[in-house]
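Below you'll find the structure, written out as structure tokens, and then a few comments.
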Amino acid sequence: MKLRGLRLDSHKSRPLERPIRVVPPPATLVLALDQGSGEDALPVVRPGDSVRTGSVVAAASGAAAALHSPVSGTVREIAVRPTPRGASRCIVIGNDGRDDPVAPAAPIDWRAMEGTALIEHLAAAGTAGLGGAAFPSATKLALARAADAELLLLNGAECEPWICCDAALMRERAADVVLGAQVMLAASGARRCVIAIEDDKPGAIARIQSAARAATDERIEVRVLPAVFPLGAEGPLVAAVTGREVPHDGWPPQVGIVCQNVGTAAAVARLVQDGRPVTSRIVTVTGSGVKQPANVEACIGTPVGELVAACGGYTAEGVRRIAGGSLTGRSLEGDDVPVTKGVNCILLATDADLPARAAEMPCIRCGDCATVCPAGLLPQQLHVAARSDDSAALARFGLSACIECGCCDYVCPSAIPLTVRFRAARERQHLADLERRRALEAKARYERHQRRLAEQAEAEREAFDDARRRARGPDSGGR
């Protein structure tokens, strides 16, 4: 099948020149309650509480996975702080340097467990999508099990041109990825697994193939795909591997597939090997703005400045900080923004990396944006609808199917910030939907209250009538 998207120049070689570097835990960690999924976990600690390494500090809630402390120490405050997704409530923990664990490391006998029990273990460990979305892995696997999905698809495509944390992971910890795949096969009930890797990662491909052979598990297959952006997005990846189309308002399990990131698979392997929850992740620190680009493993909650320092510091002033890649990332306010489960890259970009955007000009209706859109949309029509805030037109032209990949921005000769406007339109619609739901809930509460008042009044009338009849006595008749 023809793959829509972009073939981009890769900038992965410099960070991959060095092995993964471990960043020591900082003196203060900032754990965002929203780790990237768009929803907050529920804090279960208060300022002044003592915590141990691996103890739960926030419980799972909706699309937010449980959150654990990467260090032992004291909760200093729960306050709004800058995060990769904007200002958000955070648990701030002072590190006491003791690394006192909540429980001794112990392996999990996953082969002897039922799938549902495994899923419960993954949920308790805060396992989440480490490809960027940070959606709870246990929820995905439970949906797959309920839908009797037949394929586990491990995403090792990593199509953004600057991000290579998954490539580094697959080269250095391939056995963990394969073990994690086996555990998630058992949890989801899927019959087979495909590990999808783009062809610009020969080292990762070779290591994963070798690890798959060593596991002697015929259910696991390595599939090599062309390096086309945004093939690493869930929908395009499913289509490229299976030819199936995931409904834009649905889930892969609806078409028999469950998708997970290779980093998530390695985290699952770590859990079953020594019982450790998700308290760290690998992050690509790259760009001309940092002296020694590298892939680093850092505790969740580590400030970005600590990662930059571990890579030799900045090369210049005025470096642009971006969480994520050059096409899908978000600008950061400063060095104190913490790493979350959803942060896979910190791009320190100079003008040599990302030239300043040209001044916006009117759309010339060239159609280039529609040609590259991996979702098959008409971005020029969406742009007109977004600018006029036409909800009906936005729905008609498929705003909900937009994956915000940035391909349309990249090719637009008029330098129109299409993705930014689509994202803003989606957020406006989300807020409008939220207000409508709140209005409906308020109306329902009011109607329930009115019914209760009417029922109470009716009961009081009946009680009054009964009392009056009793006062009249049995011989009062109708007088």
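The values are calculated or read from the model by the stated rules, or taken from the named source; none is laboratory data. Quick caveat: nothing in here was measured; it's all calculated off a predicted structure. Heads up, the Cβs are rebuilt from the backbone with ideal geometry, glycines too, and the neighbour counts pull from every protein chain shown. Keep in mind that these areas ignore ligands, DNA and RNA; they rest on the heavy atoms of the full protein, side chains included. Shrake-Rupley method; radii C 1.70, N 1.55, O 1.52, S 1.80 Å.
Checking each residue in segment 327-350 for being crowded, with 20+ Cβ neighbours inside 10 Å and either touching a Cys at 6+ places or on another chain (Cβ under 8 Å) or at pLDDT below 90 (or both) picks out 327, 328, 329, 338, 339, 344, 345. Across segment 199-238, the number of residues qualifying as more than 16 Å from residue 407 (Cβ to Cβ) and not hydroxyl-bearing (Ser, Thr, Tyr) comes to 26. When residue 188 is tested against (1) open to solvent by 20 Å² or more (accessible area, probe 1.4 Å); (2) within 24 Å of residue 145 (Cα to Cα); (3) touching a residue at least 24 places away in the same chain (Cβ under 8 Å); (4) not hydrophobic (A, V, I, L, M, F, W, C), only condition (1) is not met.
In segment 43-60, which residue that is of a type in the set (S, T, N, Q) and in a strand (DSSP E or B) is most open to solvent (accessible area, probe 1.4 Å)? Filtering first and then ranking leaves 50.
Between 116, 127, the distinction of being surrounded by fewer than 24 Cβ atoms within 10 Å (Cβ to Cβ) and either under 30 Å from residue 353 (Cα atoms) or in contact with a helix residue (DSSP H, G or I) (Cβ under 9 Å, 6 or more places away or on another chain) (or both) belongs to 116 only.
Answer with yes or no whether residue 153 is farther than 20 Å from residue 280 by Cα, assigned to a helix (DSSP H, G or I), at pLDDT 95 or above and open to solvent by less than 10 Å² (accessible area, probe 1.4 Å). It is false that residue 153 is farther than 20 Å from residue 280 by Cα, assigned to a helix (DSSP H, G or I), at pLDDT 95 or above and open to solvent by less than 10 Å² (accessible area, probe 1.4 Å).
In segment 162-183, the condition of being open to solvent by 10 Å² or more (accessible area, probe 1.4 Å), in a strand (DSSP E or B), closer than 21 Å to residue 16 by Cβ and of a type in the set (A, V, I, L, M) is met by no residue.
Does segment 454-473 contain at least one residue that is more than 43 Å from the chain's Cα centre (by Cα) and assigned to a loop (DSSP other than H, G, I, E, B)? The answer is yes; a qualifying residue exists. Restricted to segment 234-253, and to residues there that are out of contact with any Gly (no Cβ under 8 Å at 6 or more places or on another chain) and of a type in the set (A, V, I, L, M), the residue that is surrounded by the most Cβ atoms within 10 Å (Cβ to Cβ) is 237.
Selection of segment 261-294 for residues being β-branched (Val, Ile, Thr), touching a strand residue (DSSP E or B) at 6+ places or on another chain (Cβ under 6 Å) and either under 21 Å from residue 35 (Cβ atoms) or open to solvent by 30 Å² or more (accessible area, probe 1.4 Å) (or both) yields 262, 279, 282, 283, 284, 285.
So which residues in segment 286-331 are among the aliphatic types (A, V, I, L, M) and farther than 26 Å from residue 421 by Cα? Hits for segment 286-331 are 290, 294, 296, 298, 300, 304, 307, 308, 309, 310, 316. In a residue-by-residue description of segment 387-397, the property of being out of contact with any Asp or Glu (no Cβ under 8 Å at 6 or more places or on another chain), among the basic types (Lys, Arg), part of a helix (DSSP H, G or I) and open to solvent by less than 80 Å² (accessible area, probe 1.4 Å) applies to no position.
Say whether the condition of being open to solvent by less than 70 Å² (accessible area, probe 1.4 Å), under 14 Å from residue 27 (Cα atoms), in a strand (DSSP E or B) and of a type in the set (Ser, Thr, Tyr) is met by at least one residue in segment 61-69. Please lay out each step first, then the result.
Filtering segment 61-69 down to residues open to solvent by less than 70 Å² (accessible area, probe 1.4 Å) leaves 61-69.
Still in the list and also under 14 Å from residue 27 (Cα atoms): 69.
The next check asks that each one be in a strand (DSSP E or B); those that pass are none.
No: segment 61-69 contains no residue that is open to solvent by less than 70 Å² (accessible area, probe 1.4 Å), under 14 Å from residue 27 (Cα atoms), in a strand (DSSP E or B) and of a type in the set (Ser, Thr, Tyr).
Residues in segment 217-233 that are small (Gly, Ala, Ser) and farther than 18 Å from residue 206 by Cα were compared, and the one that is surrounded by the fewest Cβ atoms within 10 Å (Cβ to Cβ) is 233. Taken over segment 295-323, residues that are part of a loop (DSSP other than H, G, I, E, B) and crowded, with 22+ Cβ neighbours inside 10 Å amount to 4.
How many residues does segment 70-103 contain that are farther than 27 Å from residue 274 by Cβ, open to solvent by 10 Å² or more (accessible area, probe 1.4 Å) and not β-branched (Val, Ile, Thr)? Residues that pass the stated criteria total 11.
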